[in-house]
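Comments concern the structure below.
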There are 2 protein chains.
Amino acid sequence: MRYSIGQVAKKTGLTAHTLRYYEKEGLLPFVQKTGSGLRVFSDTDIGWLEMIECLKGVGMSLKDIKQYIDWFREGDETLPQRLEMFQQQRAHLENQMEQLNKYMAKINYKIHLYTEAVRLGSLEKAHQNKELQAEQQRVYGDMF
Amino acid sequence: MRYSIGQVAKKTGLTAHTLRYYEKEGLLPFVQKTGSGLRVFSDTDIGWLEMIECLKGVGMSLKDIKQYIDWFREGDETLPQRLEMFQQQRAHLENQMEQLNKYMAKINYKIHLYTEAVRLGSLEKAHQNKELQAEQQRVYGDMF
DNA sequence: GTAATCTTTAGAGTTAACTCTAAGTCAAGA
DNA sequence: TCTTGACTTAGAGTTAACTCTAAAGATTAC
């Protein structure tokens with residue numbers, strides 16, 4: 001299938017502006033153009049956009065994503081670099097997920113605390129609750 | 001315990017510049033000052049910084065974090081707003097974690113693919129591997 | 001064929017979150 | 001006391017990633 005920039009924008013949730021910006025930054029080197037200059041996206045390009053979303057989602061900068069794309073274009077000589085990059089990103093992602101679990105515990109505690117506080121009309125009083133105090137201990141000291 | 005800005009910087013990994021910036025933005029309204037103008041951080045302030053880290057980590061802007069801190073300062077009238085905020089952040093965090101799991105599956109596939117590609121010296125050939133093709137199907141179509 | 005819509009470019013503008021500078025003040029050790 | 005290093009402020013500068021504008025050309029629907 002072929003897609004115009006507007007169709008891709010709809011499909012991906014990005015704006016046409018952003019797609020052009022990505023292309024200018026070298027992130028979409030495979031997008032074709034018609035004789036009159038209109039961009040034509042293929043399913044392969046959509047696939048690249050999904051990969052870009054993934055790499056952005058794990059915290060890579062557009063600059064580093066471009067590096068990966070450049071390596072891809074250089075061919076099999078850069079296979080080790082690309083492998084190493086993905087290994088680093090996995091490690092990074094593992095740390096991120098661990099962090100998010102800690103944040104989740106903290107936020108769950110807050111939800112329990114504030115649910116009780118709303119019920120009692122007082123944060124002070126909710127804080128007296130022994131179960132909440134125990135949860136706070138588990139999650140880690142706070143007051144806020 | 002009392003801490004200077006430099007000690008807090010060391011403790012938290014933030015720079016003194018960033019701590020002053022946070023204070024200027026209204027995120028640290030409880031930090032004291034000595035007669036001569038030096039900031040004095042307490043353990044409570046460290047606790048706020050940990051909360052700020054958590055909220056930043058789940059994707060909140062400093063502006064929205066400040067809103068929460070302002071609500072806190074307004075007292076028990078704003079308990080419902082704060083509860084709702086934490087509930088929204090939990091929902092957001094759940095989506096985030098789901099996304100990260102998908103990204104992890106994608107990156108794991110890449111690691112398997114590139115490990116094989118490095119072994120064979122060819123991405124093309126690695127792509128022939130039936131097990132990898134099956135994993136790709138599970139994770140979702142790509143080529144990149 | 002023509003009006004409405006879409007797309008093009010170059011380049012300017014925006015936003016969030018820092019990050020740094022300069023010029024001066026404060027504190028602790030020899 | 002002197003020096004060294006940490007701290008102060010106001011304000012300027014930076015960076016990444018968009019986001020928008022203007023003026024023109026291309027495409028689609030009727």
Exactly one condition in (1) open to solvent by less than 20 Å² (accessible area, probe 1.4 Å); (2) of a type outside the set (S, T, N, Q); (3) in contact (Cβ under 8 Å) with a residue 24 or more places away in the chain is false for B:Ala117; which is it? (3)
Reported set for the stretch A:9-25 where residues are surrounded by 12 or more Cβ atoms within 10 Å (Cβ to Cβ), closer than 18 Å to A:Met51 by Cβ and more than 8 Å from DNA strand C (Cβ to nearest atom) is A:Lys11, A:Thr12, A:Leu14, A:Thr18, A:Tyr22, A:Glu25
Are there any pairs with C-beta distances below 8 angstrom linking a residue in the stretch B:81-110 that is facing another protein chain (nearest Cβ under 7 Å) to a residue that is small (Gly, Ala, Ser) and in a helix (DSSP H, G or I), with the two at least 6 apart or on different chains, and if so which? B:Leu83/A:Ala117; B:Gln99/A:Gly57; B:Leu100/A:Gly57; B:Tyr103/A:Gly57
Of all residues in the stretch A:50-71 being within 14 Å of DNA strand D (Cβ to nearest atom), out of contact with any Phe, Trp or Tyr (no Cβ under 8 Å at 6 or more places or on another chain) and in contact (Cβ under 8 Å) with a residue 40 or more places away in the chain, which is farthest from A:Arg2 (Cα to Cα)? A:Lys66
Among the numbered conditions (1) assigned to a helix (DSSP H, G or I); (2) at pLDDT below 95, tell me where A:Gly35 comes up short. (1)
The stretch B:120-132, residues that are surrounded by 19 or more Cβ atoms within 10 Å (Cβ to Cβ) and either of a type in the set (Val, Ile, Thr) or more than 7 Å from chain A (Cβ to nearest Cβ) (or both): B:Ala126
Residue hits (the stretch A:26-41; open to solvent by 60 Å² or more (accessible area, probe 1.4 Å) and within 8 Å of DNA strand D (Cβ to nearest atom)) are A:Gly35, A:Ser36, A:Leu38
Kindly establish whether A:Glu98 is assigned to a helix (DSSP H, G or I) and within 16 Å of DNA strand C (Cβ to nearest atom). no
If you go through the stretch B:74-125 one residue at a time, how many are among the charged types (D, E, K, R) and within 24 Å of the chain's Cα centre (by Cα)? 7
Only one of (1) within 14 Å of another protein chain (Cβ to nearest Cβ); (2) open to solvent by 80 Å² or more (accessible area, probe 1.4 Å); (3) within 12 Å of DNA strand C (Cβ to nearest atom) does not apply to A:Lys56, and that is (3)
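The values are calculated or read from the model by the stated rules, or taken from the named source; none is laboratory data. Here the structure is a predicted model, which means the values were calculated and not measured. Positions of Cβ are backbone-derived with ideal geometry, glycine not excepted, and every protein chain shown enters the neighbour counts. Calculation scope for accessible area: heavy atoms of the full protein, side chains included, ligands and nucleic acids excluded. Shrake-Rupley method; radii C 1.70, N 1.55, O 1.52, S 1.80 Å.
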